[in-house]
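Everything on this sheet refers to the single structure shown next.
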Amino acid sequence: MKRFIWLSILSFVLLVSFGMHVQAQSKEVTEVVTTTVYSTEKILPLDEGRVRVSYEAINITLSDTGSGLFHGATSRVLGGFTAEKGKFSDQQAWGVYNLQNGDKVFFTSTGAGEMKWEGGGEQKAFATFTGGTGKCAGIKGTTTFIRYALRPAVEGIVQIYQKGTIKYTLP
């Protein structure tokens, strides 16, 4: 009987410690999203066929499943790049997602692609999460996406939609 009690106690201790270890592990989450972008740009000619572009973008992100941490998030991004004959490879940007629960997720982004003033062109970009607030404090993750420029509804703005995958873990 003593042996049974000791085995039961040992089994319970092992089960609890293993269960706590499994519960403490972070799980990577993947969200496939579509983001619509409204952007204003400042363009500085550098020489023939070469320009420096600085921009501010306001975005809305929707998850393809209709749920998830980033579903319904808005974001603001400030960035820039140098284009030569419409192509660029040095895009850098900084931004913040404003989540529906009030938390924020901060990120940096790099990109490359092609721009066409009349709409069109494809761009590839990559973002890395640099931190967050509230439940997102300590978030780690990345986003990869492809942007598609559209013919803007109003002259002087840029409109884009982008398809992407967000992968993250929370502490």
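The values are calculated or read from the model by the stated rules, or taken from the named source; none is laboratory data. What you are looking at is a predicted structure, and each value in this text was computed from that prediction instead of being measured. Glycine also receives a Cβ, built like all others from the backbone with ideal geometry; neighbour counts cover every protein chain displayed.
Tabulated results
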| read-out | value |
| --- | --- |
| Pairs, first closer than 12 Å to Ser109 by Cα and touching a residue at least 12 places away in the same chain (Cβ under 8 Å) in the stretch 72-90, second of a type in the set (Asp, Glu) and assigned to a strand (DSSP E or B), C-beta under 7 Å, six or more apart | Leu78/Glu56; Phe81/Asp90 |
| Any chance Lys140 is under 22 Å from Glu41 (Cα atoms) and either surrounded by fewer than 17 Cβ atoms within 10 Å (Cβ to Cβ) or touching a Cys at 6+ places or on another chain (Cβ under 7 Å) (or both) | no |
| Filter pass, Thr36 being under 18 Å from Ile160 (Cα atoms) and touching a Phe, Trp or Tyr at 6+ places or on another chain (Cβ under 7 Å) | yes |
| Some residue of the stretch 71-85 being at pLDDT 95 or above, within 30 Å of Ser26 (Cα to Cα) and in contact with a Lys or Arg (Cβ under 9 Å, 6 or more places away or on another chain) | no |
| Some residue of the stretch 87-99 being of a type outside the set (A, V, I, L, M) and not in a strand (DSSP E or B) | no |
| Test set (1) modelled with pLDDT of 95 or more; (2) exposed (fewer than 15 other Cβ atoms within 10 Å of the Cβ) - Gly120 fails condition number | (1) |
| Scope the stretch 31-51; condition surrounded by 14 or more Cβ atoms within 10 Å (Cβ to Cβ) and either without any contact (Cβ under 8 Å) to a residue 12 or more places away in the chain or not acidic (Asp, Glu) (or both); matching residues | Val33, Thr34, Thr35, Thr36, Val37, Tyr38, Ser39, Val51 |
| Candidate set: the stretch 25-51, residues that are outside any strand (DSSP E or B) and not acidic (Asp, Glu); chosen: the one modelled with the lowest pLDDT | Gln25 |
| Selected residue (only one of Arg147, Arg151 is under 17 Å from Glu41 (Cβ atoms), surrounded by 14 or more Cβ atoms within 10 Å (Cβ to Cβ) and of a type in the set (Lys, Arg)) | Arg147 |
| Residue identified as over 30 Å from Asp103 (Cβ atoms) and of a type outside the set (S, T, N, Q) among Val77, Val53, Val37 | Val53 |
| Positions within the stretch 52-82 being part of a loop (DSSP other than H, G, I, E, B) and surrounded by 14 or more Cβ atoms within 10 Å (Cβ to Cβ), in sequence order | Gly68, Leu69, Phe70, His71, Gly72 |
